[in-house]
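The structure appears right after this line, and notes come after that.
The values are calculated or read from the model by the stated rules, or taken from the named source; none is laboratory data. These figures come from a predicted structure and were not determined experimentally. Cβ: placed from backbone, ideal geometry, glycine included. Neighbour counts: every protein chain shown.
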């Protein structure tokens, strides 16, 4: 069971993902151009291939982030926060309502995650995303720098235990890759086979399962 | 805003390579960075170069009679020192002119690298 949780597009992209032997995708809209109607349109249930909808939040500062999380949390299955700014990274790791923190290393020389952020992320079960799209599009020294940022994130993952997710951040069919190829690539930058498989199968499922339970605070669930 | 420094147990192990570079035209730090990265990427590849944690720390210009000589310190991972030294050895050209890199020594701290290998005789750093 393989899932790709960061795909920008429409049902054509989802069909291609199904052809590449994924079992589900999450179609993500940007918070800058969000339409409620599209979110309802694309949710289909087609045999064993599921489509979820999500939103990627672009926030200017932590207060802006909190407002947007509050706004979108009830409407969408999956919440992704666009990382890169250290204050946003920190605010996202400290918020249990956030599902995924995408590319915390964007436009940075270090990896974006240190031991403080890693501990917060593992307490609040925020998944850190390793995006394959930037690996594909860069060359030479920026690609080497990206690989060392990935290694740093994996080192923190082994020590602190936050979930990792690998996704394609695809905008067209040319950005999608098959799940087995992604596992092979993950082994090249330091993950074990089990860690890589977990990142594209078990961790996405955990996110969905967690969101089905209506949680107020950790340990308190609303049943009805 | 910078990330807080990792505790000592989680830090990567480093070594500091002192090198000197003799060239026909003057080099500065940016030139050294681009040559070292380019040679390492061509020789070892992107995946292996990402393991080195290469960082050109500082470069000093040395007074010399007929050549342009600079000395500097490169930071790299402790396990990959030999690969970095090999990549430094293979640098031969810059902008069509000849250049050569020698490693003067390796040490565990910046201070001892400067003291042992970068001897400044009445020079302003």
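Hey, can you tell me all the residues within region A:187-200 that are more than 20 Å from residue B:45 (Cβ to Cβ) and part of a helix (DSSP H, G or I)?
Within region A:187-200, A:193, A:194, A:195, A:196, A:197, A:198, A:199, A:200 qualify.
Considering only region A:41-54, I want to know if a residue exists there that is away from chain B (no Cβ under 14 Å), on the phi > 0 side of the Ramachandran plot and either touching a strand residue (DSSP E or B) at 6+ places or on another chain (Cβ under 7 Å) or at pLDDT 90 or above (or both).
No, region A:41-54 contains no residue that is away from chain B (no Cβ under 14 Å), on the phi > 0 side of the Ramachandran plot and either touching a strand residue (DSSP E or B) at 6+ places or on another chain (Cβ under 7 Å) or at pLDDT 90 or above (or both).
Go over the candidates A:166, A:173, A:154 one by one and state the one that is away from chain B (no Cβ under 14 Å) and modelled with pLDDT of 90 or more. Working first, answer last.
Working: A:173 fails: modelled with pLDDT of 90 or more; A:154 fails: away from chain B (no Cβ under 14 Å).
Going through A:166, A:173, A:154 in turn, the sole match is A:166.
Provide a single number: the residues in region B:10-32 that are in a helix (DSSP H, G or I) and within 9 Å of chain A (Cβ to nearest Cβ). Show your work before the answer.
To start, the set of residues in region B:10-32 that are in a helix (DSSP H, G or I) comprises B:10, B:29-32.
So of that shortlist, the ones also within 9 Å of chain A (Cβ to nearest Cβ) come out as B:10.
Of the residues in that region, 1 qualify.
Exactly one of (1) within 14 Å of chain B (Cβ to nearest Cβ); (2) part of a helix (DSSP H, G or I); (3) touching a strand residue (DSSP E or B) at 6+ places or on another chain (Cβ under 9 Å) is unmet by residue A:184. Its number?
Condition (3) is where residue A:184 drops out.
Determine whether region B:56-79 contains at least one residue that is in a helix (DSSP H, G or I) and either within 24 Å of residue B:107 (Cα to Cα) or in contact with a helix residue (DSSP H, G or I) (Cβ under 6 Å, 6 or more places away or on another chain) (or both).
Initially, region B:56-79 is screened for residues in a helix (DSSP H, G or I), giving B:78-79.
From what's left, either within 24 Å of residue B:107 (Cα to Cα) or in contact with a helix residue (DSSP H, G or I) (Cβ under 6 Å, 6 or more places away or on another chain) (or both): B:78-79.
Yes: one or more hits.
Residue by residue through region A:98-146, note down the ones that are within 12 Å of chain B (Cβ to nearest Cβ), more than 25 Å from residue A:210 (Cα to Cα), over 18 Å from the mean Cα position of the chain (by Cα) and assigned to a helix (DSSP H, G or I).
Residues of region A:98-146 that are within 12 Å of chain B (Cβ to nearest Cβ), as a first pass: A:104-105, A:108-119, A:135, A:138-146.
This time we only want the ones that are more than 25 Å from residue A:210 (Cα to Cα), so: A:105, A:108-112, A:114, A:135, A:138-146.
So of that shortlist, the ones also over 18 Å from the mean Cα position of the chain (by Cα) come out as A:108-110, A:114, A:138-145.
Within region A:98-146, A:140, A:141, A:142, A:143, A:144, A:145 qualify.
Can you tell me which condition residue A:112 does not meet? The list is (1) closer than 30 Å to residue B:7 by Cα; (2) at pLDDT 90 or above, and all the others hold.
(2)
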